[in-house]
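For reference, the structure is listed below as structure tokens.
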Amino acid sequence: MTIVAERGLSALVTPGVRAGLAEEIEREERRDDDMGPEAEPFAARTGSVRSADAVLRELLAGWVAEYGVMVGRVVARSVRREDLHLVDDLVQDVWVEVWQYLLCGNDVQRPAGLLAVMARSRVCGHYRSARVRRELATDFQDYERAVHRLASWIGAAA
């Protein structure tokens, strides 16, 4: 277990430094915006990554190594049995959300709790989306299964 994974972001940086990392990220993003869409991104211009990104990347790598299996299990337990093929995509979405959360400068005291909540939330968000409801309502490839599902809906409504 690395220090990063064990103690979180607060072990690496103090609140003042954390604010400085957030300011540095904002400053570089503003500079990229001012240069316009044709300009090369920061990494291409400088040949390196921002120091703030490097710190957060190290933190995230530690979390992936330590909590990656746990996130996968939480997602797998939360999806419907017929949707187990979606687990990898949803886990990847969770890690993207975590990366964005860290880039915002948020401090995490308990990474396992945050990751479990984000994983369950991502699965709930997936099922809440209109696209999934629409696909569920129109995915009647098997006639008998479609009739059975419609009959159960009619029975539940009556």
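Read-outs: derived from the displayed coordinates by stated rules, not from any lab. This is a predicted model, so every value here is computed, not measured. Quick reminder, even Gly has a Cβ in these numbers, built from the backbone with ideal geometry, and neighbours come from all protein chains shown.
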Scattering curve values for the stretch 66-123, log₁₀ I(q)/I(0), Debye with Cα scatterers, q = 0.16, 0.28, 0.29 Å⁻¹: -0.45, -1.17, -1.23
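Could you give the length gained by full extension between A151 and M35, i.e. 0.36 nm per residue of separation minus their alpha carbon distance, to one decimal place?
Working: separation 116, 0.36 × 116 = 41.76 nm, distance 6.00 nm.
Length gained between A151 and M35: 35.8 nm.
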Segments 99-106, 76-83 sorted - mean Cβ within 10 Å per residue, highest first: 99-106, 76-83
